[in-house]
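Novice: Can you keep this structure in mind? I'll have questions shortly.
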Amino acid sequence: MSFGAARAHAEAVCGVLERAGMTWCAYVRPDEIDAGFARLLHRSGCRQVQLGVESGDALLRVRYGKSLSDAVLHDAVAASRAASLRVGCHLVLGIPGEDSRTLWRTRRLLRALRPDYVSLNVAEPRWGSADQVSASTDTGARPSPGALRAARAALYCDYYLRPSYLLPTLVRAWRDAELGELARLGLSLATRSLRARR
């Protein structure tokens, strides 16, 4: 899940994949991607990088163990795009400390990064972990699981239903004969959003 953390090993794997002539996708830490590594990934057949952004709030990222500045995230996306790599961003909603302000920062960061793909997951601490114990004794006003699911649905709709996202996506789907798949994904998003609002 952190391809590129051991750079020499990643470069060797890229060499093998380049000779194999296959296409693939890589999960890469944003602080591991620079222009040279992004170009190497593309040469080896990688067509999309999945970046663990975790939260739009820098302090929550630190709390989650990802001390990544907004500048590092922007640089990673820019380097990936310059190398013709599609970009997916993975975020976790409900990290301890999450509130309406941090959710708003997540919305703002997603709109600034403009990834091709967004994955939003609701945090669920493992039973017996420090996070689970903290969550069970925390009396603060943290969003409920239902509120987090509704926030996730709202963030998905806010991101994917923007004209600046929809129009290029429809054109690309038409060009690549993928309109059926796009319609299936849209219907799935609408169904999940309606369920989350109930």
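The values are calculated or read from the model by the stated rules, or taken from the named source; none is laboratory data. Source: prediction; values computed, not measured. Glycine gets a Cβ as well: all are built from the backbone with ideal geometry, and neighbour counts include every protein chain shown.
Novice: Quick one: in the stretch 38-57, which of the residues that are free of Cβ contacts under 8 Å to residues at least 40 places away in the same chain and assigned to a helix (DSSP H, G or I) is surrounded by the fewest Cβ atoms within 10 Å (Cβ to Cβ)?
Specialist: R43
Novice: Would you call V16 in the same structural domain as V118 (by TED's automatic domain parsing), surrounded by 16 or more Cβ atoms within 10 Å (Cβ to Cβ) and either on the phi < 0 side of the Ramachandran plot or assigned to a helix (DSSP H, G or I) (or both)?
Specialist: So V16 fails the test.
Novice: Scan the stretch 60-88 residue by residue and report those that are more than 24 Å from C25 (Cα to Cα), touching a Ser or Thr at 6+ places or on another chain (Cβ under 8 Å) and among the hydrophobic types (A, V, I, L, M, F, W, C).
Specialist: Residue satisfying the conditions is L60 alone.
Novice: Among the listed residues G140, G146, identify the single one that is assigned to a loop (DSSP other than H, G, I, E, B) and modelled with pLDDT under 90.
Specialist: G140 is the lone residue from the list that is assigned to a loop (DSSP other than H, G, I, E, B) and modelled with pLDDT under 90.
Novice: Can you spot a residue in the stretch 81-95 that is in a helix (DSSP H, G or I) and either in contact (Cβ under 8 Å) with a residue 24 or more places away in the chain or not assigned by TED's automatic domain parsing to the domain that holds V118 (or both)?
Specialist: Start the filter on the stretch 81-95 by keeping residues that are in a helix (DSSP H, G or I), which leaves 81-82.
Filter once more, so that each one left must be either in contact (Cβ under 8 Å) with a residue 24 or more places away in the chain or not assigned by TED's automatic domain parsing to the domain that holds V118 (or both): 82.
Within the stretch 81-95, one or more residues are in a helix (DSSP H, G or I) and either in contact (Cβ under 8 Å) with a residue 24 or more places away in the chain or not assigned by TED's automatic domain parsing to the domain that holds V118 (or both).
Novice: Residues to consider are S67, S84, S80, S100; find the one that is modelled with pLDDT under 95 and within 28 Å of G186 (Cβ to Cβ).
Specialist: Sole residue among the options that is modelled with pLDDT under 95 and within 28 Å of G186 (Cβ to Cβ): S100.
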